[in-house]
Amino acid sequence: MHRATSRTVRARRQSSLRRRTQIGATPRRSFGHNLAPWATALSAVAAAIGLFFSATVASSSVDATRKQLERDRRQQAGRVSYWTEDASGMSETVIVANRSLDPVTRVDLWFYAPDAGVDGYEWVFMGFDAIPPCTRLTFAPRAIDDFLKGYGIAQGGAPIRAVQFFDSDGQQWLRDPDGLRAAENERKDGEDVGVAPARQEPAEHCDK
């Protein structure tokens, strides 16, 4: 005999079926749970980029500081120069100027004498005590010719090629046609003449 199923019994069966279905079903992951690994990775990338830019800024700062220190170190030496002016015959007038506010000392003029047989390097050095601040020294051709004559060098036979000196901080510098650089060697020969045999005048464009 078929017995009708009541609404209460049917509801209980459906509820039991739903529970069994939920127990056997695969759990769903939330949207936020799926994004968590990506967020961690992005954070790591952002941190790495931040470290890179911080290191770049720090390196640039160190480089700028080093360049500024080098400019400061070269400031006085950069205001010492020499040049020549044509004179009668084969001789030249030599001008050396110190446009800084401090003296430069133990100055050497380098004359190149390839045919004089002076030494293995073919150089003759005229050394003198100092160039005062804001001072220009003019060496007349005769003063240079008389000096070089002591080495058997004929008039105009040894043009000037460099000037070497010490700045007020005790750093030795060399200026030649290639520019200014720290001197590598202190000369051990040549002649010290004491006071430079030159006319002293105020230097133009002095660093005041």
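How much length is gained if the chain between Asp169 and Asp102 is pulled fully straight, taking 0.36 nm per residue apart and subtracting their Cα-Cα distance, in nm to one decimal?
Here the segment from Asp169 to Asp102 would lengthen by 23.1 nm.
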_Full-extension gain in nm, Leu42 to Ala154, via 0.36 nm per residue minus C-alpha separation_ = 32.4 nm
*Sort segment 79-202 into rounded, prolate or oblate with this rule: let a ≥ b ≥ c be the square roots of the eigenvalues of the Cα gyration tensor; rounded if a/c is under 1.5, and if a/c is not under 1.5, prolate when a/b is larger than b/c, oblate otherwise.*
oblate
*asked:* Among Gly156, Asn185, Trp173, which residue has its Cα furthest toward the positive end of the charge dipole of segment 150-205, with +1 on Lys/Arg Cβ and -1 on Asp/Glu Cβ?
replied: Gly156
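Since every read-out is calculated from the coordinates, none of them should be taken as a lab result. The structure presented is a predicted model; accordingly, all values stated were derived computationally and were not measured. Cβ coordinates were reconstructed from backbone atoms using ideal geometry, including for glycine residues, and neighbour counts include every protein chain displayed.
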